[in-house]
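Asks: Before I ask anything, here is the structure I am working with.
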Amino acid sequence: MRRVYLDHSATTPIDARVLEGMLPYLTETFGNASSVHMFGQEARAAVDKARRQVAALIGARANEIVFTSGGTEANNLAIRGICEAARSHGKHIVTSAIEHPSVRGVIEELETRGWEVTRLPVYDAGIVRVDDLRAAIRSDTVLISVMMANNEIGTIQPIEQIGAFVREERERDHRHLWFHTDAVQAAGRLPVDVQTLGCDLLTLSAHKIYAPKGIGALFIRRGVRVTPQQTGGHQERERRAGTESVANIVAFGVGAELAQGEMNDRNEHVHALRDRFEHEVESKIPNIVFNGYRDQRLPHLSNISFRFIEGEGLLIHLDMNGVAVSTGSACSSGTLEPSPVIRALGRDEELARGSIRFSFGKDNTHDDVDYAVAALGRAVEILRALSPLAQERLTFVKESVPSA
Ligand SMILES: Cc1ncc(COP(=O)(O)O)c(C=O)c1O
């Protein structure tokens, strides 16, 4: 059976050049980067080089990059680290209604410990408004955490405008205010420059840019103090204890450099695939709704709700035909919870349950798109035919369409 992977927002395969770059650090160059001897120094030099490569991807200085075990840890370090360091200055956080669980979860946990939280709405476009942020800010707000691009619908948030607003606030003497953005989905897909964005902290993850899982980074702007979340080692200039995962770090560096150099070509390619896909789906499958403002999205991602069917059923059907996609639904206590991101767009529960994310990658082909569209068309037809409710409502929809 043919297999088509359309889940590049979940993870990407390791690029052959990334693998080639990291392999020596799993074998002959195996030293601990903290060791004084030659083995250690070789590892240290490799980590330093990777730090420069990752920093270059986002316009940062090398010493502003802290390697972590991934995006989740970097988000935890950023949010907990700022809130703990700034505890005496306030107790209010502003975030968006559509953050990744690794941001949402930390903030919810802080809420149980007395922090107050304002969650900015995203409206049907899936984008926060800076005016809402202006209205939400309080003198005791210490942290703004808004993602750069959403992982389920791909919408791009106004991070530069938020950064400009934060600067204004500081000029008005709101000095204890920090701005974090989760750029896990954006980096390598959109130009990211921490100077232009004006953020203090920015989260990255390697496995979205054709490098391995289990490695990420937090950009911490020079002068910003974050309370470390692990103790027991001096690594990463006291900001993240633990022996560096040298091979993974090297791979992240190579992945970052390739992503930077190839960004335009990759984007052009996935954009064309996504457009072809959406055009075909729109013309072949009735009763669908696109999620997220289509003019301000990541170029490789398409999120669609299919009326009258469960996304999970559709996912399984597609998987049985070799097509890998994902839903935003999560299994909780044995029931399927509809995606909170799709719900935040104001969609009803049926649409939130029927949503599927398709995310294309640099190695997908036009044939992959055509195969996926055909499989999708068949799956939707079969699932709708099996659903008595769908039959009833589809007949109703047909009858209510006025004849020309
Ligand atoms: C927006 C966003 N933030 C954070 C993460 C977590 O990154 P990691 O998988 O490296 O822990 C992801 C992963 O899917 C993500 O999409």
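Here, each number is a calculation from the coordinates, and none is a lab measurement. Keep in mind the model is a prediction, meaning the values are calculated, not measured. With ideal geometry, Cβ positions are generated from the backbone for all residues, glycine too; neighbour counts draw on all protein chains shown.
Asks: Report, by chain and number, residues whose modeled amide H sits under 5 Å from the one on THR118, excluding near sequence neighbours (fewer than 5 apart, same chain).
Replies: Correct list: ILE93, VAL94, THR95.
Asks: Shifting gears a bit: Which angle between 0 and 90 degrees, to the nearest 10, do you get for helix 388-400 versus the longest principal axis of the chain when only C-alpha atoms count?
Replies: With both axes taken from Cα atoms, the answer is about 70 degrees.
Asks: In whole Hz, what ³J(HN,Hα) sequence does the stretch 75-81 give by Karplus (6.51, -1.76, 1.60; θ = phi - 60°), x for Gly and Pro?
Replies: The phi angles translate into 5, 4, 4, 4, 6, 5, x Hz.
Asks: Treating only the Cβ of Lys, Arg, Asp and Glu as charged (+1, +1, -1, -1), what charge dipole size does the chain show about its Cα centre? Round to the nearest 20 debye. Display every interim value, and only then the final one.
Replies: Details: 46 positive and 53 negative charges, 147 e Å.
That gives the chain a dipole magnitude of about 700 debye.
Asks: Write down Rg/Rh for the chain, rounded to two decimals, with Rg from the C-alpha atoms and Rh from the Kirkwood relation over Cα pairs.
Replies: Working: Rg = 22.4 Å, Rh = 22.4 Å.
Reported Rg/Rh, Kirkwood definition of Rh: 1.00.
Asks: Also, quick follow-up: Using the Cα gyration tensor of the stretch 1-116, with a ≥ b ≥ c the square roots of its eigenvalues, what is the shape: rounded (a/c below 1.5), prolate (a/b larger than b/c) or oblate (neither)?
Replies: Details: a/c = 2.73, a/b = 1.42, b/c = 1.93.
Verdict is oblate for the stretch 1-116.
Asks: Which far-off residues, 5 or more places away or on another chain, put their amide H under 5 Å from the one on LEU298, with H placed in the peptide plane?
Replies: Residues meeting the amide H criterion: THR155, ILE156.
Asks: Translational diffusion coefficient of the stretch 165-237 at 10 °C, 1.306 mPa s, Stokes-Einstein with Kirkwood Rh over Cα pairs, in µm²/s as a whole number.
Replies: D = 112 µm²/s.
Asks: If you don't mind, another one. Alpha carbon centre of the stretch 108-174 versus the stretch 9-65: separation in Å?
Replies: Each part's Cα centre sits 33 Å from the other's.
Asks: Moving to a separate point now. Please turn the phi angles of the stretch 189-195 into ³J(HN,Hα) values with the Karplus equation 6.51 cos²θ - 1.76 cosθ + 1.60 (θ = phi - 60°), one per residue in order, whole Hz, x for glycine and proline.
Replies: 10, 10, x, 10, 9, 5, 6
Asks: Quick check for you: which residues of the stretch 79-122 have the amide N under 18 Å from the point 7 Å beyond the Cα of ARG129 toward its beta carbon?
Replies: Only 95-98, 118-122 fall inside the zone, counting backbone N under 18 Å.
Asks: Let me ask another. Of the options SER283, THR12, MET148, report the single residue whose Cα projects farthest towards the positive end of the charge dipole of the chain (beta-carbon charges: Lys, Arg +1; Asp, Glu -1).
Replies: MET148
Asks: Quick one: LEU26, LEU19, fewest Cβ neighbours within 10 Å first, how do they rank?
Replies: Working: LEU26 14, LEU19 17.
Ascending Cβ contact count within 10 Å gives the list LEU26, LEU19.
Asks: Could you check the simple spin-label distance between GLU282 and ARG237, using points 7 Å along Cα→Cβ, in nm with one decimal?
Replies: 4.8
Asks: Testing the spin-label approximation: label points 7 Å from Cα along Cα→Cβ at ASP275 and ARG170. State their distance in nm.
Replies: 3.9
Asks: Scale the Cα Rg of the stretch 154-305 by the rule-of-thumb value 2.2 N^0.38 Å and send over the ratio, two decimals. If you can, show how the numbers build up before the last one.
Replies: Values: Rg = 18.9 Å, N = 152, 2.2 N^0.38 = 14.8 Å.
Dividing the Cα radius of gyration by 2.2 N^0.38 Å gives 1.27.
Asks: Rounded to a whole number, what is D in µm²/s for the stretch 215-274 from Stokes-Einstein with the Kirkwood radius over alpha-carbon pairs (25 °C, 0.890 mPa s)? List each step's numbers first, then the result.
Replies: Details: Rh = 14.3 Å.
D, rounded to a whole number, is 172 µm²/s.
Asks: Moving to a separate point now. Taking a temperature of 10 °C and a viscosity of 1.306 mPa s, what whole-number D in µm²/s does Stokes-Einstein yield for the stretch 67-217 with Rh from Kirkwood over alpha carbon pairs? Working shown, then result.
Replies: Values: Rh = 15.3 Å.
The diffusion coefficient I find is 104 µm²/s.
Asks: Summing -39500 (n - 2.57) over the DSSP H runs of n ≥ 4 in the chain and dividing by its residue number, what mean residue ellipticity at 222 nm do you reach, to the nearest 500 deg cm²/dmol?
Replies: Details: 13 runs with 171 residues, N = 404.
The helix-only estimate for the chain comes to -13500 deg cm²/dmol at 222 nm.
Asks: Tell me, what is the FRET efficiency for GLU28 and THR365 to the nearest 0.05, using R0 = 45 angstrom and their Cβ-Cβ distance as r?
Replies: Working: r = 37 Å, r/R0 = 0.82.
With R0 = 45 Å, the Cβ-Cβ based efficiency is 0.75.
Asks: Rounded to whole Hz and in sequence order, give me ³J(HN,Hα) for the stretch 136-150 from the Karplus expression 6.51 cos²θ - 1.76 cosθ + 1.60, θ = phi - 60°, writing x for Gly and Pro.
Replies: Result, ordered by residue: 7, 5, 10, 5, 9, 6, 10, 9, 10, 10, 10, 5, 7, 9, 6 Hz.
Asks: Separate question: Rounded to two decimals, what is the ratio between the C-alpha radius of gyration of the stretch 250-306 and 2.2 N^0.38 Å? Could you put the intermediate results ahead of the total?
Replies: Working: Rg = 14.7 Å, N = 57, 2.2 N^0.38 = 10.2 Å.
That ratio works out to 1.44.
Asks: Residue separation times 0.36 nm, minus the C-alpha to C-alpha distance between ASP265 and ASP295: what's the value? Mind showing how you got there, number by number?
Replies: Details: separation 30, 0.36 × 30 = 10.80 nm, distance 1.95 nm.
Computed gain between ASP265 and ASP295 is 8.9 nm.
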